[in-house]
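J.: Let me begin by handing over the structure; questions about it come next.
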Amino acid sequence: MSEISCNSTKYCHCGEINRFFILKIPSNPGRKFCKCPKPKAKNCGFWEWPDNFSDNTLSEISDLKGKLEVATVKIDNLRESLDAIRLERDNLKKKVDNLEAINNSQVNKSRKLEEKILKLKMLFMISLAVLVGFFCC
Ligand SMILES: [Zn+2]
């Protein structure tokens, strides 16, 4: 049990302001209750549920808490999956960037080779023209 608040406006049989406590037992975890704030030996025995929930309502709350715990676990698992997917996405982006850099480098090399081939063709044609001119004369 733990005390969570002392701002109740209800009074017990001995005139003390009640305090709220929270149950920490497995069958009713987290449920609030009020009791006389005096020590056990001196208190008036006042004790009540401030929420007045029926057993059905408490059962529904317990079920919903269970579902919330399951959903929380699922959310945690999904977050872990999302983190793994983001990591994989980042790695793939790096690979794509590297491949694009390699591709750009290859394209530049190809352009330079094409320019060299064009220059060699022109040189060959000029040489051929000079040779033809030389033999014709
Ligand atoms: Zn009391």
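J.: Give Lys35/Lys67; Lys38/Lys65; Lys10/Lys42; Lys32/Lys65; Lys24/Lys67; Lys10/Lys38 a once-over and call out the pairs whose C-alpha atoms are over 24 Å from each other.
T.: Beyond 24 Å: Lys35/Lys67; Lys38/Lys65.
J.: Using only the alpha-carbon atoms, what does the chain span along each of its principal axes? Please give whole angstrom values in decreasing order.
T.: So the three principal-axis extents are 136, 28, 21 Å.
J.: Taking the chain as the reference, fit the longest principal axis to its C-alpha atoms, fit the long axis of helix 55-136 to the helix C-alpha atoms, and give the angle between the two in degrees, 0 to 90, nearest 10.
T.: 10
J.: What are the semi-axes of the equivalent ellipsoid for segment 45-95, taken as the square roots of 5 times the Cα gyration tensor eigenvalues, largest first, in whole Å?
T.: Working: eigenvalues 421, 22, 6 Å².
Taking √(5λ) for each eigenvalue gives 46, 11, 6 Å, largest first.
No lab work stands behind these numbers, since they all come straight from the coordinates. Values in this document were obtained by computation on a predicted structure and should not be read as measured data.
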